[in-house]
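The values are calculated or read from the model by the stated rules, or taken from the named source; none is laboratory data. All figures in this text were calculated on a predicted structure; none of them were measured in a lab. When we count neighbours, we look across all protein chains shown, and the Cβ atoms used for this are built from the backbone with ideal geometry, even at glycine. Only protein heavy atoms, including side chains, enter the accessible area calculation; ligands, DNA and RNA are left aside. Shrake-Rupley method; radii C 1.70, N 1.55, O 1.52, S 1.80 Å.
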Amino acid sequence: MSAEAIPPGIVLERESASRPNYLNWSHSVKDWLLTTDHKRIAILYLVSITIMFGLGGIAAMAIRAELTSPHGHLMESDTYNKMFTMHGVVMIFFFLVPSIPATLGNFLLPLMLGARDLAFPRLNLLSWYLFTLGGVIALGAMICGGVDTGWTFYTPYSSIYSNSNVAVTLVGLFIAGFSSIVTGINFIATIHKMRAPGLTWTRLPLFIWAHYATSIIIVLGTPVVAVTLGLVLVERTLHIGIFDPAIGGDPILFQHMFWFYSHPAVYIMILPAMGVINEVLACFCRKRIFGYTFVCGSTLAIAVFGFMVWGHHMFVTGQSLYTGMIFSALSFIVAVPSAIKVFNWTATIYKGEVWFSAPMIYCLGFIGLFTIGGLTGLYCSSLSVDVHINMTYFVVAHFHYVMVGGATLGYLAGLHFWWPKMTGRMYPEGWAKVAAGLAFVGFNLTFFPQFILGYLGMPRRYHYYPAEFQIWHVLSTAGSSVLALGYAIPLVYFLWSLKYGEKAGPNPWGAAGLEWTVASPPTQFNFDELPVVTWEAYNYDVPHENAIVDHSKNVLPDAEGASHSAH
Amino acid sequence: MEHGSHSSEIAYTDSGAAHITPPSTYFKTYVILLVLMVATIAATFRDFGTVGNNAIAMAIATTKATLVVAYFMQVKGSSRLTIMWALIGFVTLPFMWATMVDYLTRDWIPHIGWQ
Amino acid sequence: MSVEAAHDAHGHHPVQYHQFEDMEQQNETYIVGMWSFLVTEIMFFGGLFLAYSIFRMNNQAIFTEAGHRYLEVDKGAFNTVVLLTSSLSMAMCVYYAQKADRVKQLLCLGFTLLCSFVFLGVKAMEWSKEFAEHHLPGANFAYVSDAHLSTAKAQIFFCLYFAMTGLHAIHVIVGILLMVVLGVLIAARRPGVKYYMPVEMFGLYWHFVDIVWIFLFPLFYLIPGKR
Ligand code: HEM
Ligand SMILES: [Cu+2]
């Protein structure tokens, strides 16, 4: 169906405006705080993690400001240690791990599956409360007093010697861990049992596959870190335990148990982002994802192999040489499924009708930056090279390329893509493109110098350094200001769009997928009638019924390829 | 197929069907579990070498756990999905024991001329 | 619209929640959800079992000595029987729940509850003996080895013993609380528990607690190896 055939969104809009949607059907504070609607919980999470991101970002800016000088003028060493710990803990445990699953995943899973809600709506609410409780406890401890162990909490420093609020922070993390477990269980049950009739595994959007794999990792990994941190907590408070060498314990065992979770945890952060990329890419290339089954397979392979490589964090910490060799080899293998995805995305773009909307720009940024991050991961996985770069800024740059360039850009891509669905309003496309560009440029300016710094020997977690490194640090700090601007602008225009954004209509992108067949914002129970699915995912080669005129009056190139005015 | 083997009934209160395991199955399982417990105690009082004794004890414990999962927890005869989720934890857990490789090879010395 | 209203709208089984299409879907979702929760429990205990394996491998002698000398096989075996029996009665409780026989269901639940108290009682006896013998790790820990083995490693043994049996006992206590709640609800004929699913889910949990003990018993009380 061509775009002109449909009156531009008017019919659908009037219909959705006259019906109460999930945002406006009843909106006392109590209704929101006791809601079991997955969409509202997603919004609650969105608010929470945005606050967390802001706090983590403030700590990051403090670190960067401090590092402009080789003499550490701004803060004491102790304060500096607390700053980078707070940054790491907040960003990893309270932002990246829940970011995509708990907001976009929560919101979209039932919509994409054709269900009225997640399998366990009350558990979903519990998850948010656990997250908030854990967050308040951990942040309270980190702001009032601080923690100086780094996000990795290595023993025996964390369990015996550190004089900071480790114990309370660990309690907070322990609780937040359960919020993630609860979400994982909920997603698993939902994806298995709540699919609409006809929605077989090979018809699922890859976003769902990504969340399935992520949930499996959460369910298998998080309990291990919970029990490990629990043991550190006991050792710290009661001075009995199994990690402190002074009382017969074994600190390397802590590292094994910690990384058994924390390596898979990096896939908890990146897999959902990869899921987002699949959806956005397919929509803005107007193509089915190339090699759908391979992408599914690589998703599962990452989940499985991700559990076999934790030892690559311990090459130089006393682990046996032979174990190092095995873990090095396995780390090379785990890069293969990641590479498969990159190749598939590239092949999807090839000969696609690419439309450079803001989400697509984020998406392209993701692909490039994730590739760099993943490849430098291989440098780190090579035994002898890692001896040189371990504990330097090279590692810092590696993981920021995957976590900020990858996971965070993926999150922003998804947020822009589904913002019209979540709020019923369009964000200002022009500003969004500017923000996406700023984030990309700022990101590279911030973190590329860190590869060089690390290669030259700048150790991580230090704030005094030889003067010849200063130029790179100043560049990095300059970049981080640009990056910060790139994050601040969306915050402003997203809030602005809530009131002033153009009405989006159910399917502003002319995208395939069940979530685009319902009203924006969706009604309380999502679907009036449960859909029966008879088509494959990403069926962009058939005319799309809901395709409507885009807000910026650019007609989306639809299936007949009739219009290219968007280019 | 699977259900038929222990003559489960399909009954239900109001709506939805449940596979009801007959009590005799539960009692048989219970008796076997007790016998296995006695066996594991008896085995430790005989010397099969450290590895042997441990292998026997763990084999018996695994058998007992399998019986509990299959019969008490009614996994036998339930859907493939349930079976998968009942197994996934037990299957993944041993991965962690790769850690042992580290401890077992700590003292190995690289071959001369290797470095 | 409340959940109740949604039910009315769909005209379904009284305990069917609005997000489900039919009872079969709901039941299997619950079972899958419960099992994936048990997977997390397996991994949770798994971390401790791993720690045990590694310390035991590196300190076989002191583990064997401490275990054989201070943990009593008869008490451990007795508790094993108690837990196995409680598992049987829990299975029967689910059976009667499926048959909708309220009285027998309550009797079975009561018997399971009784078993769990016996289990904890025996555990308490054992622990207080260890306390008295200064085997509680910490400042007052004392241990004299026949073979002049490391006291620090003996302390690790007792750390693991208390951590693992303690975590198991916490699970038993949680089980007791849940059983009391379930029992009260069933006795009060609350509609939520008229259906067998809550009992079945609790049953899964309880059997899992049993499985953990099945491994704890040989690993601590028997410590397979040369006697
Ligand atoms: C393509 C596959 C990857 C490989 C082979 C890989 C390899 C490595 C290695 C060997 C290290 C340890 C470096 C050292 O400490 O000397 C490391 C560190 C790290 N990686 Fe990756 N990585 C990969 C992907 C990722 C992804 C996708 C993420 C996150 C989304 C990530 C996050 C991290 C983090 C956070 C650290 C630092 C941990 C710390 O604080 O010490 N990595 N990576
Ligand atoms: Cu890693």
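Please give the FRET efficiency for A:Ala329 paired with B:Ala55, using the beta carbon to beta carbon distance and R0 = 35 Å, rounded to the nearest 0.05.
Working: r = 29 Å, r/R0 = 0.83.
Plugging the Cβ-Cβ distance into 1/(1 + (r/R0)^6) gives 0.75.
Pair-distance distribution P(r) for chain C, from all Cα-Cα distances in 10 Å bins starting at 0: 7, 28, 28, 18, 11, 6, 2, 0 percent. Accessible area buried by the pairing of A and C, both sides summed with a 1.4 Å probe, works out to roughly 3000 Å².
Measuring how big chain A is from its alpha-carbon positions, Rg and Dmax come out at 23.4, 77 Å. Taking the protein heavy atoms of chain A in the context of the full set of protein chains, the accessible area attributed to carbon and sulfur is 70 percent at 1.4 Å. Each Lys or Arg adds one and each Asp or Glu subtracts one; over the other residues with Cβ under 15 Å from the Cβ of C:Ile156, this totals -3. Annotation: for a label point projected 7 angstrom from Cα along Cα→Cβ of A:Thr293, residues of segment A:514-540 with backbone N closer than 20 Å are A:534-540. In segment A:317-342, burial by the other protein chains removes 30 Å² or more of accessible area from A:Ser320, A:Leu321, A:Tyr322, A:Thr323, compared with the chain on its own (1.4 Å probe, ligands and nucleic acids ignored). Separation of segment A:377-448 and segment A:282-358, taken as the distance between their Cα centroids, equals 16 angstrom.
When nucleic acids and ligands are ignored and a 1.4 Å probe is applied, A:Val387 ends up with an accessible area of around 100 Å². Excluding ligands, DNA and RNA, the accessible surface per residue across segment A:39-553 is 31 Å² with a 1.4 Å probe. Local charge for C:Leu109 was computed over the other residues whose Cβ lies under 15 Å away, with Lys and Arg +1 and Asp and Glu -1, and equals +4. What a 1.4 Å probe finds exposed on chain C is 67% carbon and sulfur by accessible area, rounded to a whole percent.
Distances between placed amide hydrogens fall under 5 Å for A:Gln524 paired with A:Tyr22, all partners being 5 or more residues away or on another chain. Label reach from A:Ser69 (point 7 Å along Cα→C-beta): in segment A:432-468, amide nitrogens under 18 Å belong to A:462-468.
Note on A:Phe343 and A:Thr317: the model spin-label points, each 7 Å out from Cα along the C-beta direction, lie 3.4 nm apart. Using a probe of 1.4 Å, the accessible surface attributed to A:Tyr157 totals some 90 Å² when neighbouring protein chains are kept in position.
Among residues other than C:Gly138 with Cβ under 15 Å from its Cβ, the summed charge is -3 (Lys and Arg +1, Asp and Glu -1).
Roughly how many debye, to the nearest 20, is the charge dipole of chain C about its Cα centre, given +1 on each Lys and Arg Cβ, -1 on each Asp and Glu Cβ, and no other charges?
That gives chain C a dipole magnitude of about 600 debye.
Annotation: for a label point projected 7 angstrom from Cα along Cα→Cβ of A:Cys144, residues of segment A:166-183 with backbone N closer than 18 Å are A:166-173.
Can you compute the modelled spin-label distance between C:Asp146 and A:Ser77, with each label point 7 Å from Cα toward Cβ, in nm? Distance between label points: 5.1 nm. Evaluated with a Cβ-only charge set (Lys, Arg +1; Asp, Glu -1), the protein assembly as shown carries a dipole of roughly 520 debye about its Cα centre, given to the nearest 20. Treating r as the C-beta distance of A:Val474 and B:His111 and R0 as 30 Å, the FRET efficiency rounds to 0.05.
Per-residue SASA remark: A:Asp31, around 60 Å² accessible (1.4 Å probe; ligands, DNA and RNA not included). Across segment A:25-103, the mean sequence separation of Cα contacts (distance under 8 Å, 6 or more residues apart), normalised by length, yields a relative contact order of 43 percent. Treating r as the C-beta distance of C:Ile176 and A:Lys499 and R0 as 45 Å, the FRET efficiency rounds to 0.25. Computed over protein heavy atoms with a 1.4 Å probe, the carbon and sulfur contribution to the accessible area of segment B:35-74 reaches 75%.
Modelled label positions at A:Thr132 and A:Val441, each set 7 Å beyond Cα in the direction of Cβ, lie 4.0 nm from each other.
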